[in-house]
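Taken together, the values in this text are just the output of simple stated rules run on the coordinates, not laboratory data. Note that this is a predicted model, so its numbers are computed, not measured. Note: ideal-geometry Cβ built from the backbone for every residue, glycine included; neighbour counts use all protein chains shown.
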Amino acid sequence: MDQAVLFDSLRTAIWVAVQMSTPILGVALIVGLVIGLLQALTSIQEMTLTFVPKMLAILATFWVSMDFMTGALISLLHDTLLPTIARGF
């Protein structure tokens, strides 16, 4: 396998990983900021108050975006990785 093809495949795979993780990380960030602001305003320092809503929001986001993630992985496999493997690395 030529180095340029390898690096291009790796770059594409990393970009797909970033695209797939963005919705979940974005929701975790927003929920964490809202809960942190709520805790700062009300002086409630309960650890489960930060953990449980964030986990539920992440789970819901994962469930909603599963179709997008699966499509991105299948697209990566068909467009990038399979032609590279078919050429014999």
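Here are some notes:
- For the chain, the longest principal axis of the alpha carbon atoms and the long axis of helix 47-64 meet at an angle near 40°.
- Degrees between helix 66-76 axis and first principal axis of the chain (Cα, 0 to 90, nearest 10): 20
- Using just its DSSP H runs of length 4 or more, each adding -39500 (n - 2.57), the chain gives a mean residue ellipticity at 222 nm of -28500 deg cm²/dmol after division by all residues.
- Each Lys or Arg adds one and each Asp or Glu takes one away; over the other residues whose Cβ falls under 15 Å from the Cβ of residue 32, this sums to 0.
- Evaluated with a Cβ-only charge set (Lys, Arg +1; Asp, Glu -1), the chain carries a dipole of roughly 80 debye about its Cα centre, given to the nearest 20.
- Within the listed set 48, 70, 61, the Gaussian network model of the chain (springs between alpha-carbon atoms below 10 Å) gives the highest mean-square fluctuation for 48.
- Around residue 87: net Lys/Arg minus Asp/Glu count, Cβ-Cβ under 15 Å: -3
- Entry note, the chain: relative contact order of 49 percent, from Cα contacts under 8 Å with a spacing of 6+ residues.
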